Amino acid sequence: MKQIITSEKTKIKLWLDDIDAGAFAQAKNLANLPFVFKHVAVMPDAHQGYGMPIGGVMASEEVVIPNAVGVDIGCGMCAVRTSLATLSTEQLKGVLTEIRRTIPLGFKHHKRGQDRSLMPKSAIPLDELTVIAREYQSALTQLGTLGGGNHFIEIQKGNDGHVWLMVHSGSRNLGFKVANYYNRLAMELNRQWGSKIPPNWQLAFLPISSAAGQIYLHEMRFCVEFAYANRKMMMERVKEAVLSVVQPVFFEPMINIAHNYAAMEVHFGKNVMVHRKGATRAQVGEIGIVPGSQGTPSYIVRGKGNKESFESCAHGAGRKMGRKQAQRQLDLEREKKRLDDQGIIHAIRSVSDLEEAAGAYKDIDAVIENQLDLVEVLVELRPLAVIKG
Ligand code: 5GP
Ligand code: MN
Ligand code: MN
């Protein structure tokens, strides 16, 4: 940990030296909420988000905050180690072609819905879930689709001598709808209740014990499960794509983790709702995935169970620039060259692609360096080929 800052009521614990002013202001707002448990933990990849920084961890005994989960509920990473030592450029291109054929990318979805048996099961009857009941048919066509921009499928070479497969995706439009519906509902209820929390903090809450809070938790958990199923389905397609160019290949069980969610966990001897918004759980011995960016290494890590971070770590490198800023400030030829020089099959073609260039993200090695008290590195993965949403 780098620094502890004490605000009026609680503390902020930071795992980075240089936090942007917007994210810091948001961390202070969080720390000044009346129901924060212990302290706000800010991971080394932190940057400004809606209401709460991405790369933030906040626990509460009383409330759940939709904006402290994030709009892409359940977004996360999936990784698989293969028995392959290498893939030729020709083979990589073949795999990418097959992936493009079987996985809808960007905002595309399947023409026909998937079988309902592939969907998560809700703990309560479907018709009691306000948003999901309405969106269910549409969600069937979103299952097994990548989504836009920041989401990706990558083929990597590990320093363990193996080729790895990685998928980054979330709960697609379903999670987005749930997140927005409940954030708006929380705003409206907070207004009716005469909440003292300034609306411009964008941290409207729902008491865990309230009817609205309970329904939100059911819908949120469903979306987390939906996102797991989404990544799993795509990873199966990616494995099939590999098998279509080379055989035999053996695959180890997938690592599939969420980095946008809230869950009840025990911390400091209390049952609390831990919000991880762009943060990965890192309990003792737990395996995590910390991606870098398009053209930089990613890491498979093992948690150290650090209590001060609520047993969490970074979820990636984190953005250094906003999307528009990256398009304005980064040099297209330079960003392209940086990938071409490494022989990476990449997705940077035009200025608009710069929003996802390596230069738009923080230095992943500095992020790893800053969280050595949270995780140890198991495998370093270097990109061979990447498909962006
Ligand atoms: P999110 O968009 O979920 O907040 O962030 C996911 C993380 O994935 C980013 O912070 C960044 O570090 C990482 N990332 C973004 N694009 C790529 C990519 O193309 N390849 C890899 N390996 N990581 C990426
Ligand atoms: Mn996402
Ligand atoms: Mn994500």
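The values are calculated or read from the model by the stated rules, or taken from the named source; none is laboratory data. The structure displayed is predicted, hence computed values, not measured ones. Glycine gets a Cβ as well: all are built from the backbone with ideal geometry, and neighbour counts include every protein chain shown. In case anyone asks, the SASA skips ligands and DNA or RNA and just uses the protein heavy atoms, side chains included. Shrake-Rupley method; radii C 1.70, N 1.55, O 1.52, S 1.80 Å.
Screening Ile257 on (1) in a strand (DSSP E or B); (2) within 16 Å of ligand 1 (Cβ to nearest atom); (3) in contact with a Phe, Trp or Tyr (Cβ under 6 Å, 6 or more places away or on another chain) shows it passes everything except condition (3).
Within segment 141-170, how many residues are away from ligand 2 (no atom under 11 Å from the Cβ) and either under 28 Å from Pro120 (Cβ atoms) or open to solvent by less than 10 Å² (accessible area, probe 1.4 Å) (or both)? Outline the logic, then answer.
Applying the first criterion (away from ligand 2 (no atom under 11 Å from the Cβ)) to segment 141-170 yields 141-145, 153-167.
With the extra rule that they be either under 28 Å from Pro120 (Cβ atoms) or open to solvent by less than 10 Å² (accessible area, probe 1.4 Å) (or both), the set shrinks to 141-145, 153-156, 158, 163-167.
Within segment 141-170, residues that are away from ligand 2 (no atom under 11 Å from the Cβ) and either under 28 Å from Pro120 (Cβ atoms) or open to solvent by less than 10 Å² (accessible area, probe 1.4 Å) (or both) number 15.
For segment 347-378, the set of residues classified as away from ligand 1 (no atom under 13 Å from the Cβ), of a type in the set (A, V, I, L, M, F, W, C) and open to solvent by 10 Å² or more (accessible area, probe 1.4 Å) consists of Val351, Leu372, Val377, Leu378, listed by residue number. Here Leu30 clears all of (1) modelled with pLDDT of 95 or more; (2) surrounded by fewer than 21 Cβ atoms within 10 Å (Cβ to Cβ) except the condition numbered (2). For segment 146-153, the criterion of being more than 30 Å from Ser293 (Cβ to Cβ) and at pLDDT 95 or above is satisfied by no residue at all.
Among the residues of segment 104-120, are any within 16 Å of ligand 2 (Cβ to nearest atom), closer than 30 Å to Gly295 by Cβ, open to solvent by less than 40 Å² (accessible area, probe 1.4 Å) and touching a Pro at 6+ places or on another chain (Cβ under 9 Å)? Among the residues of segment 104-120, not one is within 16 Å of ligand 2 (Cβ to nearest atom), closer than 30 Å to Gly295 by Cβ, open to solvent by less than 40 Å² (accessible area, probe 1.4 Å) and touching a Pro at 6+ places or on another chain (Cβ under 9 Å), which makes the answer no. The set of residues from segment 155-205 being in a strand (DSSP E or B) and either of a type in the set (Lys, Arg) or over 17 Å from the mean Cα position of the chain (by Cα) (or both) comprises Ile155, Gln156, Lys157, Gly158, Val163, Trp164. Given the structure, is Ala133 modelled with pLDDT of 95 or more, more than 16 Å from ligand 1 (Cβ to nearest atom) and open to solvent by 30 Å² or more (accessible area, probe 1.4 Å)? Answer is yes for this residue. Close contacts from segment 298-312, counting a first residue that is at positive phi and a second that is in a strand (DSSP E or B), with Cβ to Cβ under 7 Å and a gap of 6+ residues or different chains, come to Phe310/Ala41; Phe310/Val57; Phe310/Ala59; Phe310/His267; Phe310/Val274; Glu311/Arg281; Glu311/Gly303. Contact map, segment 209-226: residues that are in contact (Cβ under 8 Å) with a residue 40 or more places away in the chain paired with residues that are among the acidic types (Asp, Glu) and part of a helix (DSSP H, G or I), Cβ distance under 8 Å, separation 6+ or inter-chain. Pairs shown: Ile215/Glu128; His218/Glu128. Strands (runs of 3 or more DSSP E) fully within segment 7-124 that include at least 3 residues being within 16 Å of ligand 1 (Cβ to nearest atom): 39-47, 54-60, 76-81.
Checking Arg100 against (1) out of contact with any Phe, Trp or Tyr (no Cβ under 9 Å at 6 or more places or on another chain); (2) of a type outside the set (A, V, I, L, M); (3) at pLDDT 95 or above; (4) open to solvent by less than 60 Å² (accessible area, probe 1.4 Å): exactly one of these is not met. Which one? Checking Arg100 against (1) out of contact with any Phe, Trp or Tyr (no Cβ under 9 Å at 6 or more places or on another chain); (2) of a type outside the set (A, V, I, L, M); (3) at pLDDT 95 or above; (4) open to solvent by less than 60 Å² (accessible area, probe 1.4 Å), the one that fails is (4). In this entry, Arg276 passes the filter for residues that are within 16 Å of ligand 3 (Cβ to nearest atom), surrounded by 14 or more Cβ atoms within 10 Å (Cβ to Cβ), in contact (Cβ under 8 Å) with a residue 12 or more places away in the chain and of a type in the set (Lys, Arg). Set side by side, the residues Asp127, Asp160 differ, and just one is over 18 Å from Phe107 (Cα atoms) and free of Cβ contacts under 8 Å to residues at least 60 places away in the same chain, which is Asp127.
Filter segment 319-332 down to the residues that are surrounded by fewer than 24 Cβ atoms within 10 Å (Cβ to Cβ) and either small (Gly, Ala, Ser) or in contact (Cβ under 8 Å) with a residue 60 or more places away in the chain (or both) and list them by number.
Correct list: Lys320, Gly322, Arg323, Ala326.
Within this structure, Val167 fails the test of being away from ligand 3 (no atom under 16 Å from the Cβ) and among the aliphatic types (A, V, I, L, M). Scanning segment 286-295 for residues that are open to solvent by less than 30 Å² (accessible area, probe 1.4 Å) and modelled with pLDDT of 95 or more, which turns out nearest to ligand 3 (Cβ to nearest atom)? Ranking the qualifying residues of segment 286-295, first place goes to Pro291.
Can you find, within segment 167-193, the residue that is nearest to ligand 1 (Cβ to nearest atom) among those that are over 20 Å from Glu135 (Cβ atoms) and touching a helix residue (DSSP H, G or I) at 6+ places or on another chain (Cβ under 9 Å)? The residue in question is His168.
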